[in-house]
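The values are calculated or read from the model by the stated rules, or taken from the named source; none is laboratory data. In this text the structure is predicted, and so the values were computed from the model without any measurement. In this analysis, Cβ positions are derived from the backbone assuming ideal geometry, glycine residues included, and neighbour counts consider all displayed protein chains. Heavy atoms of the whole protein, side chains included, go into the accessibility calculation; ligands, DNA and RNA do not. Shrake-Rupley method; radii C 1.70, N 1.55, O 1.52, S 1.80 Å.
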Amino acid sequence: MAVLMLLPGAAAAARTRLHACGDRGRLTCGRVSVRLDPAGRVPGRVSLFVERYSEVAHPSGTLVALAGGPGQSGVGVLSAFRTSLRPALGNRALLVFDERGIGRSGPLACRVPTHTSRSFARIFADCVASLGRRSRFYSSDDTVRDIESIRRALRLGRIDLYGVSYGTFPATQYARRYPTHLAHLILDSTLPVEGDDDVKLNSLISMRRQLRSACTPSTCPGLDPTADLTAVFAAADRAPLVAPVDPDRPPRKVTAKSARSILYIALLTSDLDPLLRASIPAAIRLGAEGDGSALVRLAGLSAAIALGSAERTPDEPPDPEQAIAVAARTKTARVNLEPIATRCEDERFVWSAHDRLAVRVRKVAREASLLSPAAVAPFDAATAIGDTEIASCEHWPSSGSHPPREAGPLPAVPTLVLSGAADVRTPFEQAQVVAAEIPGASALEVPNVGHAVLLNDPSGCATRALGAFFAGTPVASCGLAAPPPVDPLPPGAVATLPAAAPLTGLPGQVLTASVLTLRHEVGITAPYAENLLAGPIAGTLAGNLLGLVPGLPLFLSGLSYVPGVAISGTVSGGAPYGTGRLTVDLGGRHYGVLRLVKDGTIRGTLGGGVFILGSAARNAIDTAGGLDFAIGLK
């Protein structure tokens, strides 16, 4: 494998040649070696792993794609980029690389004790200390230099640059520093040009907008997420909300603090998945009525989606506390700290890099006291600050108030800015500001899409815009879109449901309840259950679902969506339906058995009645119940 050893002057770099490494010669790989410290004061080098894909032997240009996170492997999402960026490729090569500290580019890792009573703060502080002085060289500023080193090493000439999520920040910094080396710029779910602030006030603006627009009289009649959220907090302030998650254990209690944290994180994570977005209004209403189970379920779904998003899209990786907890629990004993290293080096904080921990903590407390209620609504300052990187970065030695930044205006490079209307972490309001700073930039808002637009837009509007952008034609707006699906409230009682033929009376009503429970509790949850290593996902009303290992069955324990009806047993994956054997309880007593067949048929006995329910009749029950979602197991 050819390796370039960059000399102090980048202009003196020799050429690196990539070698064929797959896909019948269309994929080539190589390494570019760069200094750990650009100034050379701290010794060491980083070997950056690079992959390039091209449909043609001699492409006329190169599109460099930067993944999100920070902490995502660009190489790991090459396949996703090939699909989402296809209109831009044509005669262009697609180039990705693992940024320093990630994947095959020298992971910035530390050892984690697998059996210890020490706190996260102590473990994290020890991890950071073990890195020594090299912890300072994993910022976006270093990524910008690395992009240029790769460009020079491969003699690429002017490049096109695509960034998604965090990747938009080094992309705009590169545009500022090397404007003459850039042909086109595509920003997908963009961060502010000056980088994130420590308290994500723009995300809170988007959360308020998402709550206001989540429901209409036609999509979820009777629900008002904004008013219901206020009622949740008022109810939890009076007394903890009860959540009977596990039939064999005392009910779990949701305190006022945890209710605020659960809903803040759920709203923030909702831009990664439409099914989580659909679940929020009903969960809030149930919480407002004093039932905490749906909120506990929402917390489980949020955690599972956040953990699973690293595999599905170039998005947010787990935070350090999650990563350390998972490493210790799974006995891997190592955790990669690059994501938090970049966050802590990039973001502005109220403390100075020279402040001791106690001083930093006091300054954060003062910052919280100065936040206005309107700025952090519908939450409070403690929630707005507590669910950011502040707590982790307080322990990062070189984090402080003056991270490296490029100065000056953004160049007049042809630029396309894409934003999802349902994006919370990088909202459209933010994208508009960035687009206004780039002369001639086109900004496109895509309806019913959250974060990472090109990877998650089923309408094709963003893909068409990308094609038009590179063809030099006007970018058309997406137009009106149908309202997104909204998860309905659970039925009030099994007796209110229609009976599912061929059964009649109560057995038929319990069959309908069982079908709805499978669709809602298993179908929506199943894609994420295996990612939730911290524990089970709660049922909407009671019980839980647990999936630990990909490919193994999901375990259902007293799972309830309709009052009084609970199902237990195992469900094995198999698109679009699951298979397995389940028992059904009614009012706490055994009522029957369900056998799930891979073609969607359900066979069994309920209340002494034998039945066979075909997939078409099963789907009709789901649709009538407002659960006609085309994602996940049914």
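Taking only pairs six or more apart or across chains, which ones have beta-carbon atoms under 8 Å, a first residue in the stretch 348-361 that is touching a residue at least 24 places away in the same chain (Cβ under 8 Å), and a second residue that is of a type in the set (D, E, K, R) and open to solvent by 40 Å² or more (accessible area, probe 1.4 Å)?
Filtered contacts from the stretch 348-361: 348/197; 350/363; 350/366; 351/363; 355/363.
Only residues that are touching an Asp or Glu at 6+ places or on another chain (Cβ under 9 Å) and in a helix (DSSP H, G or I): list them for the stretch 402-455, please.
428, 430, 431, 432, 453, 454, 455
Would you check which residues across the stretch 362-396 are of a type outside the set (Gly, Ala, Ser), outside any loop (DSSP other than H, G, I, E, B) and touching a residue at least 24 places away in the same chain (Cβ under 8 Å) and list them?
So the first thing to find is which residues in the stretch 362-396 are of a type outside the set (Gly, Ala, Ser), and the list is 362-364, 366-367, 370-371, 373, 376, 378-380, 383, 385, 387-390, 393-396.
Filter once more, keeping what is outside any loop (DSSP other than H, G, I, E, B): 362-364, 366-367, 370, 373, 376, 383, 385, 390, 393.
Across the stretch 362-396, the qualifying residues are 364, 367, 376, 383, 385, 390, 393.
How about the stretch 245-263: which of its residues are over 14 Å from residue 288 (Cβ atoms) and part of a helix (DSSP H, G or I)?
Those that are over 14 Å from residue 288 (Cβ atoms) and part of a helix (DSSP H, G or I): 257, 258, 261.
Does any residue of the stretch 94-104 turn out to be in contact (Cβ under 8 Å) with a residue 40 or more places away in the chain, of a type in the set (Gly, Ala, Ser), open to solvent by less than 10 Å² (accessible area, probe 1.4 Å) and touching a strand residue (DSSP E or B) at 6+ places or on another chain (Cβ under 9 Å)? Spell out how you get there, then give the answer.
Narrowing the stretch 94-104 to residues in contact (Cβ under 8 Å) with a residue 40 or more places away in the chain: 94-104.
Next, only the ones that are of a type in the set (Gly, Ala, Ser) stay: 101, 103.
Remaining after also requiring open to solvent by less than 10 Å² (accessible area, probe 1.4 Å): 101.
From what is left, the residues that are touching a strand residue (DSSP E or B) at 6+ places or on another chain (Cβ under 9 Å) are 101.
Yes, the stretch 94-104 contains a residue that is in contact (Cβ under 8 Å) with a residue 40 or more places away in the chain, of a type in the set (Gly, Ala, Ser), open to solvent by less than 10 Å² (accessible area, probe 1.4 Å) and touching a strand residue (DSSP E or B) at 6+ places or on another chain (Cβ under 9 Å).
Which number in (1) in a loop (DSSP other than H, G, I, E, B); (2) of a type in the set (A, V, I, L, M); (3) over 30 Å from residue 567 (Cα atoms) marks the one condition that residue 187 misses?
(1)
For the stretch 605-620, enumerate the residues that are under 17 Å from residue 586 (Cα atoms) and in a strand (DSSP E or B).
Filtering the stretch 605-620 for residues under 17 Å from residue 586 (Cα atoms) gives 605-610.
Across the stretch 605-620, the qualifying residues are 605, 606, 609, 610.
Residues checked against (1) in a helix (DSSP H, G or I); (2) under 26 Å from the mean Cα position of the chain (by Cα):
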| site | (1), (2) |
| --- | --- |
| 135 | yes, yes |
| 138 | no, yes |
| 141 | yes, yes |
| 145 | yes, no |
| 150 | yes, no |
| 157 | no, no |
| 166 | yes, yes |
| 171 | yes, yes |
| 174 | yes, yes |
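Among the numbered conditions (1) touching a Lys or Arg at 6+ places or on another chain (Cβ under 9 Å); (2) under 30 Å from residue 255 (Cβ atoms); (3) open to solvent by 10 Å² or more (accessible area, probe 1.4 Å), tell me where residue 381 comes up short.
Only one criterion in (1) touching a Lys or Arg at 6+ places or on another chain (Cβ under 9 Å); (2) under 30 Å from residue 255 (Cβ atoms); (3) open to solvent by 10 Å² or more (accessible area, probe 1.4 Å) is unmet by residue 381, namely (1).
For the stretch 87-133, enumerate the residues that are of a type outside the set (Gly, Ala, Ser), over 30 Å from residue 157 (Cβ atoms) and not in a loop (DSSP other than H, G, I, E, B).
If the condition is that a residue be of a type outside the set (Gly, Ala, Ser), over 30 Å from residue 157 (Cβ atoms) and not in a loop (DSSP other than H, G, I, E, B), then 110, 111, 120, 122, 123, 124, 126, 127, 128, 131, 133 are the ones that fit.
Filter the stretch 565-580 down to residues that are over 10 Å from residue 542 (Cα atoms) and among the small types (Gly, Ala, Ser) and give me whichever is surrounded by the most Cβ atoms within 10 Å (Cβ to Cβ).
Only one residue fits best here, namely 578.
Out of the residues in the stretch 581-592 that are of a type outside the set (S, T, N, Q) and open to solvent by 20 Å² or more (accessible area, probe 1.4 Å), state the one that is nearest to residue 555 (Cα to Cα).
Among them, the one singled out is 581.
Name the residues in the stretch 55-68 that are more than 15 Å from residue 96 (Cα to Cα) and small (Gly, Ala, Ser), would you?
57, 60
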